[in-house]
Amino acid sequence: MLTCKDQDVWSQFLEFIQKRISETEFKNWFSHINVLSSTGEEINLEVPNIFVQQYLLDNYQKDMMLFLPTKKTGELALNFSIKEVDKTKKIKSPVLPQDTNNKDEQQFNSQYTFENFIEGPSNQFVKSAALGVAQRPGKSFNPLFIHGGVGLGKTHLLHGIGHYIKVHHKNVNLKNVTTEAFINDLVFNLRNKSVDQMKRFYRNLDVLIVDDIQFLQDRLNFEEEFCNTFESLINQNKQIIIASDKPPSHLKLSQRLIARMEWGLVAHVGIPDLETRVAILQHKASLKNVKIPSDVAFFIAERIFNNIRQLEGAINRLAAYSRLINTQLTKELAQNLLQEMLSFTPQKKVSVESILQSVASIFEVKVSDIRGESRLKEIALPRQVAMYLSKELINESLQKIASSFGGKTHSTLLHAWKKIKTELEKDQTLFRQIEIIKKNIEG
Ligand code: ADP
Ligand code: MG
């Protein structure tokens with residue numbers, strides 16, 4: 001039982017901090033935290049994701065020290081656990097005023113706001129990171145490096161950051177470029193002997209947003225200039241946000257630049273699960289004033305699964321049709337209209353069993369060992385890989401997946417997932433092994 005007094009220290013802290021930060025900041029960082037237990041000796045908090053935890057410790061440690069219990073070592077006696085995500089729920093983003101009246105507005109697609117970005121387990125972390133950087137440019141994670149496959153919302157998030165900064169930090173000098181545009185700019189200025197001017201421009205920015213950095217690969221001369229700009233900005237604590245189709249370590253760029261890009265936070269945007277795809281589809285449809293019945297939305301989202309841009313294409317076609325012919329959308333109609341867009345078979349249902357078998361054969365261990373308790377490295381690694389893949393590929397609750405691993409807990413599974421996810425960024429061999437296992441499972 002919490003005594004009134006114990007619960008109070010957190011409330012007191014909240015009261016204190018609420019007066020010192022903006023309402024939006026408070027809402028974003030504190031309103032989703034729950035106190036699980038609190039004694040005079042320690043406090044256990046439940047946070048929506050690890051980013052919130054990190055952000056609290058990075059930015060509010062000193063303030064928390066004033067109120068919360070500390071250990072003998074002087075550290076905060078504070079434990080965190082991550083809340084299981086409710087996939088159907090949208091976390092409210094701050095509402096942006098419609099008319100920002102800014103001449104630079106054309107830099108950004110007006111639809112690509114945080115508000116219009118639908119969250120699910122695959123992108124919640126990266127969305128929080130993006131919002132964090134937008135709220136405190138240069139003061140949280142720098143650089144922020146966003147990577148993930150085509151059509152999964154990277155550009156949308158970059159523009160979301162841009163919109164947010166334009167509205168909330170009016171005096172910030174911000175530039176949003178694609179890597180192509182940066183290179184073109186550089187070519188133009190080299191030709192006109194005005195490179196110094198360009199350098200000055202870029203190095204005086206407060207925030208630089210660069211999309212599709214993969215296009216810098218194999219462009220040696222440009223890479224060096226980019227790297228210099230990058231370093232000059234970072235050294236002045238200016239915020240840099242980069243998007244790419246691969247993690248830094250998989251880019252064919254100099255070690256120097258790769259290391260710089262890994263300095264801050266590398267965040268992955270994954271393929272949204274079915275519920276999130278349905279939510280995105282419904283949201284996009286509502287922006288176009290089209291009503292899509294729920295069974296039709298599921299029908300489409302089950303068949304277009306790895307690119308949100310395609311999902312939008314489907315809605316556009318349905319919208320055009322329903323404007324012409326005033327009729328109720330049905331699955332049959334969707335099937336006819338979208339024939340060549342839809343995969344013939346819905347995404348194959350992957351089972352824990354098939355994952356275990358593929359993992360076991362690649363790592364040359366027994367399935368029963370993976371399910372067992374052995375902590376030997378030769379067994380523990382394949383087990384963690386299998387857990388990672390299960391979370392990535394299977395649309396079930398963590399609890400249910402974990403129980404298929406000989407009754408492990410969902411936190412063991414989550415721990416394994418995080419560990420492998422981090423390893424993957426650094427370990428090429430592991431990356432390839434996992435790619436092969438995935439092919440085997442899906443093929
Ligand atoms: P990328 O840059 O990763 O290739 P984009 O940012 O261009 O992808 O996104 C493609 C389309 O999908 C855009 O119209 C974007 O608004 C939409 N989209 C992607 N993810 C989401 C999401 N989570 N919520 C809403 N729309 C999304
Ligand atoms: Mg893009």
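The values are calculated or read from the model by the stated rules, or taken from the named source; none is laboratory data. Predicted, not measured: the structure shown is a model, and the values here were computed from it. Cβ coordinates were reconstructed from backbone atoms using ideal geometry, including for glycine residues, and neighbour counts include every protein chain displayed.
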Report task. Could you please give the count of residues in the range 260-269 that are buried (at least 17 other Cβ atoms within 10 Å of the Cβ) and not in a helix (DSSP H, G or I)? Result -> 6
Query raised in the report: Counting just the residues of the range 185-217 that are touching a helix residue (DSSP H, G or I) at 6+ places or on another chain (Cβ under 7 Å), among the hydrophobic types (A, V, I, L, M, F, W, C) and assigned to a helix (DSSP H, G or I), which one comes out farthest from ligand 2 (Cβ to nearest atom)?
Result: Val195
Report summary line: Checked the range 400-419 for anything part of a helix (DSSP H, G or I), over 22 Å from the mean Cα position of the chain (by Cα) and in contact (Cβ under 8 Å) with a residue 40 or more places away in the chain; matches are Ile401
Query raised in the report: How many residues, within the range 175-184, are surrounded by 20 or more Cβ atoms within 10 Å (Cβ to Cβ) and either more than 13 Å from ligand 2 (Cβ to nearest atom) or part of a strand (DSSP E or B) (or both)?
Result: 2
Report summary line: Here the qualifying pairs (Cβ atoms under 8 Å; residues six or more apart or on different chains; first in the range 291-306 and free of Cβ contacts under 8 Å to residues at least 24 places away in the same chain; second in a helix (DSSP H, G or I) and β-branched (Val, Ile, Thr)) come out as Ser294/Val278; Ala297/Val278
Query raised in the report: Checking Ile161 against (1) assigned to a helix (DSSP H, G or I); (2) free of Cβ contacts under 8 Å to residues at least 40 places away in the same chain, which single condition isn't satisfied?
Result: (2)
Requested in this report: Could you please find all residues in the range 322-342 being hydroxyl-bearing (Ser, Thr, Tyr) and either in contact (Cβ under 8 Å) with a residue 60 or more places away in the chain or surrounded by fewer than 12 Cβ atoms within 10 Å (Cβ to Cβ) (or both)?
Outcome: Thr327
Query raised in the report: So which strands (runs of 3 or more DSSP E) are wholly in the range 17-86 and hold at least 3 residues that are of a type in the set (S, T, N, Q)?
Result: 34-38
Query raised in the report: Can you find even one residue in the range 125-148 that is in a loop (DSSP other than H, G, I, E, B), small (Gly, Ala, Ser), modelled with pLDDT of 85 or more and crowded, with 22+ Cβ neighbours inside 10 Å?
Result: yes
Report task. Would you tally the residues in the range 157-212 being in contact with a strand residue (DSSP E or B) (Cβ under 7 Å, 6 or more places away or on another chain) and within 16 Å of ligand 1 (Cβ to nearest atom)? Result -> 12
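A quick yes/no check of all residues on (1) surrounded by 15 or more Cβ atoms within 10 Å (Cβ to Cβ); (2) among the hydroxyl-bearing types (Ser, Thr, Tyr); (3) outside any helix (DSSP H, G or I); (4) modelled with pLDDT under 90:
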{"residue": "Lys252", "(1), (2), (3), (4)": "no, no, yes, no"}
{"residue": "Val278", "(1), (2), (3), (4)": "yes, no, no, no"}
{"residue": "Ser286", "(1), (2), (3), (4)": "no, yes, no, no"}
{"residue": "Phe299", "(1), (2), (3), (4)": "yes, no, no, no"}
{"residue": "Phe305", "(1), (2), (3), (4)": "yes, no, yes, yes"}
{"residue": "Leu311", "(1), (2), (3), (4)": "yes, no, no, no"}
{"residue": "Ala320", "(1), (2), (3), (4)": "no, no, no, yes"}
Requested in this report: Tell me, yes or no, whether the range 107-121 has at least one residue that is touching a Lys or Arg at 6+ places or on another chain (Cβ under 9 Å), of a type in the set (D, E, K, R) and at pLDDT 50 or above.
Outcome: yes
